[in-house]
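Okay, here's the structure, questions in a sec.
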Amino acid sequence: MNQQPEYVKATTITLQKIRNSFFGGNIKCAGLLVIDDIEEYIRDFREAFQVMILPSVMFDEFGRDLVGASYTELKNRYDIEIEVI
C-alpha cells in the first residue's frame, strides 16, 4: 500500500482564485495562467499555505507554461512544495 505524504492527511484545504495578470486580469481560464501569475500570489500570501497544487492544464509535457517558464522555478525560488494534478 502506498504511503500518503503527510500533507495529504491535512484536514483543511483552501482553494484560491489566482488573478490572471499576464492577460490583463479579465481571463478566467486556468490553462492561460503563467508562472508570473502564480508568483504574484506567492509573494502576497506565502505564509498562507504549506503545499501549492496547480492544475496540469497550465503546463506542457515538460512542465512549462505558455511563456516557457517551469513550475520548478517556483519550487526552487521559494522552497515550497508544489504538486501538479
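The values are calculated or read from the model by the stated rules, or taken from the named source; none is laboratory data. Please read all numbers here as calculations on a predicted model, not as lab measurements. FYI the Cβ positions are ideal-geometry reconstructions off the backbone, even for glycines, and counts take in every protein chain you see.
Scanning the range 58-77 for residues that are surrounded by fewer than 12 Cβ atoms within 10 Å (Cβ to Cβ) and not polar (S, T, N, Q), which turns out modelled with the lowest pLDDT?
Arg77
Scanning the range 31-57 for residues that are within 15 Å of Gln16 (Cα to Cα) and either surrounded by fewer than 13 Cβ atoms within 10 Å (Cβ to Cβ) or polar (S, T, N, Q) (or both), which turns out nearest to the chain's Cα centre (by Cα)?
Pro55
Restricting to the range 7-20, give me the number of residues that are in a helix (DSSP H, G or I) and either in contact with a Leu (Cβ under 6 Å, 6 or more places away or on another chain) or farther than 14 Å from Ile82 by Cα (or both).
Of the residues in the range 7-20, 1 are in a helix (DSSP H, G or I) and either in contact with a Leu (Cβ under 6 Å, 6 or more places away or on another chain) or farther than 14 Å from Ile82 by Cα (or both).
Can you tell me which residue is modelled with the lowest pLDDT among those in the range 21-52 that are closer than 18 Å to Val84 by Cα and part of a loop (DSSP other than H, G, I, E, B)?
Checked the range 21-52; the qualifying residue modelled with the lowest pLDDT is Phe49.
I need the full set of residues from the range 53-67 which are more than 19 Å from Ile42 (Cβ to Cβ) and not in a loop (DSSP other than H, G, I, E, B), in order please.
Residue satisfying the conditions is Val57 alone.
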